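Just so it is clear, none of the values below were taken in a lab; they were calculated from the coordinates. Computed from a prediction, not measured in an experiment: that's the story for all the values here. Here Cβ is always computed from backbone atoms with ideal geometry, including for glycine, and neighbour counts include all displayed protein chains.
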Amino acid sequence: KEYQFILTSRPDPAVGLVTLNRPKALNALSSPLFNELNEALADFDADDSIGAIVLTGSERAFAAGADIKEMKDKQFSDAYKNRFLENWSALTRLRKPVIAAVSGYALGGGCELALMADIILASPTATFGQPEITIGTIPGGGGSQRLAHAIGKSRTMELVLTGRTFSAQEAERWGVVSRVVGAGEGEVVKEAVELGRSIAGKSQIAVQAAKEAVNAAFEQNLAEGLRTERRLFHMTFATQDQKEGMAAFAEKRKPTFTHV
Ligand code: HXC
């Protein structure tokens, strides 16, 4: 499909790649861009042959934030009545795992977009931050909440109240990203696709259940989360993939998952 602000491809038969492609504006997340992004993600999510989705930008910018020029004259009444940015969180409701491959600027809404992914891999050039405070506003795409969960109150307060950026190395040390990859051009996307391929080789039902269980840790209290995990674990015993996976282990062969 042809899009104006994004590119879609299949670097692996089981991995969908969405590349934000608005280079002149450092991938500023305009509404038209976000509509295309949501459409492409929904298409990949609905495709049975896809097991994981990678989301990336350019070497220079994952995304430099929501489009400030589009927002600057917006009125409260319009933002509130039309639920401005509410459709941003569609990404968090996808069933397939989403891996953000971040190079360069991931600022404001760009940082929040990365934080909505299930896994973040960073190139050493990645620069994260929530600079909204410097332009008279605050994070609106979940940054204050997801960062607080990821790195704690004091660090989140410092970042959100000053707008200072943080490096890939800090992001790794604080657990915002799972790892920083090598410095080569395109390396972070290559690693993310490889990671996606590894996930796509598993039972899609088990992967979906595992994602749901981990997310419960952020949405429910401990007792509820533990119950959710146990129920989903029990549920896997109703799948052929669990039978196949355990039979293959016992028979010392590789499993062939059919996602049923
Ligand atoms: C619109 C943007 C933009 C943005 C960059 N551009 N970021 N346009 N919205 N968020 C545009 C610039 O206007 C410029 O266009 C072109 O991209 C290149 O940017 P430069 O500033 O010339 O590049 P550079 O000097 O290298 O500086 C890079 C930068 C800077 C440090 C990333 O662009 C910057 O500070 N951008 C804004 C970062 C920010 O505040 N993000 C948070 C936005 S608020 P022209 O036409 O001049 O060439 C936000 C709210 C989220 O995200 C809440 C809801 C989810």
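What to note about this one:
- Here's the list of lysines a cross-link from Lys243 could span, going by alpha-carbon distance under 30 Å and ignoring same-chain residues fewer than 8 apart: Lys96, Lys202, Lys211, Lys252, Lys254.
- Compared with the dominant principal axis of the Cα atoms in the chain, helix 153-162 is inclined by about 40°.
- C-alpha long axis of helix 31-46 to longest principal axis of the chain, angle in °: 0
- The mean sequence separation of alpha-carbon pairs under 8 Å and at least six residues apart, normalised by the residue count of segment 1-118, gives a relative contact order of 29 percent.
- Applying both filters, DSSP loop and at most 16 other Cβ atoms within 10 Å, to the chymotrypsin sites (Phe, Trp or Tyr not before Pro) of segment 179-245 gives Phe237.
- For the chain, the square roots of the Cα gyration tensor eigenvalues, ordered a ≥ b ≥ c, give a/c of at least 1.5 with a/b greater than b/c, which places it in the prolate category.
- Whole-Å distance, taken between Cα centres, linking segment 40-69 and segment 116-158: 18
- Neighbour-count order for Trp174, Trp88, fewest beta carbons within 10 angstrom listed first: Trp174, Trp88
- Charge dipole (debye, nearest 20) of the chain; +1 at Cβ of Lys and Arg, -1 at Cβ of Asp and Glu: 440
- Rounded to 10°, Cα long-axis angle of helix 204-219 versus longest principal axis of the chain: 50
- The ranking of Glu36, Glu219 from fewest to most other beta carbons within 10 Å of each one's beta carbon is Glu219, Glu36.
- Rg over Rh [alpha-carbon atoms, Kirkwood Rh] for segment 39-156: 0.98
- Three-way shape call for segment 127-217 based on the alpha-carbon gyration tensor, with the a/c threshold at 1.5: oblate
- For segment 68-147, the relative contact order comes to 29 percent (Cα pairs under 8 Å, sequence separation of at least 6).
- Qualifying trypsin sites (Lys or Arg not before Pro) for segment 182-260 [loop in DSSP, other Cβ within 10 Å: at most 15]: Lys252, Arg253
- Bridge type composition, the chain - antiparallel percent by DSSP, nearest 5: 25
- Note on Phe249 and Leu161: the model spin-label points, each 7 Å out from Cα along the C-beta direction, lie 4.9 nm apart.
- Centroid-to-centroid separation of segment 193-237 and segment 1-36 [C-alpha atoms, Å]: 27
- The chain, helix-only ellipticity at 222 nm - DSSP H runs n ≥ 4, -39,500 (n - 2.57), divided by all residues, nearest 500: -13500 deg cm²/dmol
- Reachable lysines, given that their alpha-carbon falls under 21 Å from the alpha-carbon of Lys81 and they are not under 8 places away in the same chain: Lys69, Lys72
- Of all aspartates and glutamates in the structure, those lying under 20 Å Cα to Cα from Lys190, and not within fewer than 8 positions of it along the same chain, are Asp12, Glu59, Asp118, Glu172.
- Relative contact order [Cα under 8 Å, 6+ residues apart], the chain, whole percent: 16
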